[in-house]
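Trainee: Quick one: the structure is below, questions incoming.
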Amino acid sequence: MRRTIFRSLIAVLALLTLPSLVKAADSFPSKPLRIIVATSPGGSNDFVARMIGAKLSERLGQHVVVFNRPGGGGVIGYELGANANPDGYTLVLASASFAALPATHRLPYDPIKSFVPIAKLGTGPFLLVVNAKVPARSVKELIALAKQKPGDLIMASGNLGTAPHLGTELFLRLTGVDMRVVPFKGGGPALIDILGGHSDASFSNIVQAKPHVASGRLRALATGGSKRSAVLPDVPTVAEAAGLPGYENANWWSFLVPAGTPAPIVNKLANELKAILALEDVKKWFVNAGGDADYLRGPQFGRFMAKEIAKFKRIAKEAKLKMQ
């Protein structure tokens with residue numbers, strides 16, 4: 001009886017608060033929004049946040065400010081987002097690394113319970129590149145070179161425990177080569193290091209690496225996707241080039257909000273993002289960046305993220321990586 005009364009009270013309270021929530025969504029937004037990016041400026045996360053943020057600003061009639069908060073492999077920025085006021089005015093740009101961090105870090109937030117997933121925006125494979133001075137013109141040649149010089153070649157990667165780092169560890173484990181993995185504070189610094197010739201190879205975001213491949217400073221060996229990239233059709237996948245069926249090392253981008261954000265506001269933001277991703281210039285932007293616009297909403301996206309977290313935990317366990 002008590003349980004029935006309690007449930008009835010909850011239902012009544014929900015009905016009483018629903019009109020105010022709908023009204024809040026109707027007037028939302030009434031001030032500028034911010035997007036927290038847990039990486040440094042100049043990386044793919046930053047590019048996606050600024051491109052989508054500009055479109056959101058146009059549609060919502062409010063400024064959308066991108067706030068870069070790097071540190072701790074992304075943990076600092078994500079913690080800031082988790083603790084933000086759940087009013088819809090703070091969005092968090094989450095990438096594949098958001099799902100990778102629980103595999104190697106003791107987090108001050110819960111990646112599932114501390115956030116509400118709005119939508120996945122797009123996907124894009126990482127690109128295996130080498131400095132132009134490295135005498136390897138294919139993945140097999142890189143593997144052969146690494147076996148000739150065990151421990152000599154350096155693989156630059158994103159932060160320890162992020163998606164690029166774990167994808168690199170998986171590549172080394174499957175190919176059986178010994179290369180030194182040096183994590184940097186994001187894909188931007190890692191790319192700078194390989195351009196300077198201090199590192200030999202790296203899995204980089206296509207949008208960052210493509211101009212340097214075109215200039216001849218970097219050589220593209222393979223993409224980490226399940227299929228070839230539309231902007232680099234002559235570059236094979238790692239699975240093709242190295243004979244590693246099933247190998248995949250790809251990034252994705254999404255928006256989250258802090259847990260407790262009213263459902264009508266979450267739905268409004270999800271609908272706006274769906275409309276933005278349907279725009280031809282946005283689709284073209286993702287293709288030129290080496291990926292695809294890939295809208296996945298709410299619960300479906302939540303299930304996708306849970307699978308990604310489990311995948312990265314498996315990779316970290318197989319690579320025997322320690323918790324940070």
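Trainee: Where does the chain land at 222 nm, in deg cm²/dmol rounded to the nearest 500, when only DSSP H runs of n ≥ 4 count, each adding -39500 (n - 2.57), divided by all residues?
Mentor: -14500 deg cm²/dmol
Trainee: Using r as the Cβ-Cβ distance of ILE112 and ASP178, and R0 as 35 Å, what FRET efficiency do you calculate, to the nearest 0.05?
Mentor: That gives a FRET efficiency of 0.45.
Trainee: So for the range 68-211, if I pair up every lysine 8 or more residues apart or on another chain, how many of those pairs have alpha-carbons under 23 Å apart?
Mentor: Close lysine pairs under the 23 Å cut-off: 6.
Trainee: Determine the gain in length on full extension of the stretch ILE192-LYS320; use 0.36 nm per residue of separation and subtract their C-alpha separation, reporting nm with one decimal.
Mentor: That pair, ILE192 and LYS320, stretches by 43.3 nm at full extension.
Trainee: Separate question: Using θ = phi - 60° and the Karplus curve 6.51 cos²θ - 1.76 cosθ + 1.60, what whole-Hz ³J(HN,Hα) does each residue of the range 35-48 get, with Gly and Pro shown as x?
Mentor: 10, 7, 10, 7, 9, 6, x, x, x, 5, 4, 5, 4, 5
Trainee: Can you tell me how much longer the chain between SER30 and ASP294 gets when fully stretched, taken as 0.36 nm per residue apart minus their C-alpha distance, in nm with one decimal?
Mentor: 92.2 nm
Trainee: Determine ³J(HN,Hα), in whole Hz, for all residues of the range 269-277 in sequence, where each value follows from phi through the Karplus function 6.51 cos²θ - 1.76 cosθ + 1.60 and θ = phi - 60°; x replaces Gly and Pro.
Mentor: 5, 4, 5, 5, 5, 4, 5, 5, 5
Trainee: So what's the range 162-247 giving for Rg/Rh, alpha carbon basis, Kirkwood Rh from the mean inverse pair distance?
Mentor: 0.93
Trainee: Across the range 107-227, how large is the tail of the calculated P(r) beyond 16 Å, expressed as a percent of all Cα pairs?
Mentor: When all Cα pairs of the range 107-227 are counted, 61 percent exceed 16 Å.
Trainee: Can you give me the long-range amide H partners of ILE118? Hydrogens built in the peptide plane at 1.01 Å from N, cutoff under 5 Å, separation of 5 or more residues or another chain.
Mentor: Correct list: PHE255, LEU256, VAL257.
Trainee: So how many Å³ per residue does the convex hull of the Cα atoms of the range 61-158 work out to?
Mentor: Cα-based convex hull of the range 61-158, divided per residue, equals 173 Å³.
Trainee: Another question about this same structure. How compact and how long is the chain, expressed as Rg and Dmax of its alpha-carbon atoms in Å?
Mentor: When restricted to Cα atoms, the chain yields Rg and Dmax of 21.2, 77 Å.
Trainee: Please find the FRET efficiency linking ALA310 to LYS133, where r is the Cβ-Cβ separation and R0 is fixed at 35 Å, and quote it to the nearest 0.05.
Mentor: FRET efficiency, ALA310 to LYS133: 0.35.
Trainee: Can you run the Rg to Rh ratio on the range 176-219? Use alpha carbon positions and the Kirkwood inverse-distance Rh.
Mentor: Rounded to two decimals, Rg over Rh is 0.96.
Trainee: Can you compute the modelled spin-label distance between PHE67 and ALA230, with each label point 7 Å from Cα toward Cβ, in nm?
Mentor: My value for the distance between the label points is 3.5 nm.
Computed from the coordinates by the stated procedures, all read-outs in this text should not be read as laboratory data. Keep in mind it's a predicted model, so treat the numbers as computed, not measured. Don't worry about glycine lacking a Cβ; one is built from the backbone with ideal geometry, like all the others, and counts go over all protein chains shown.
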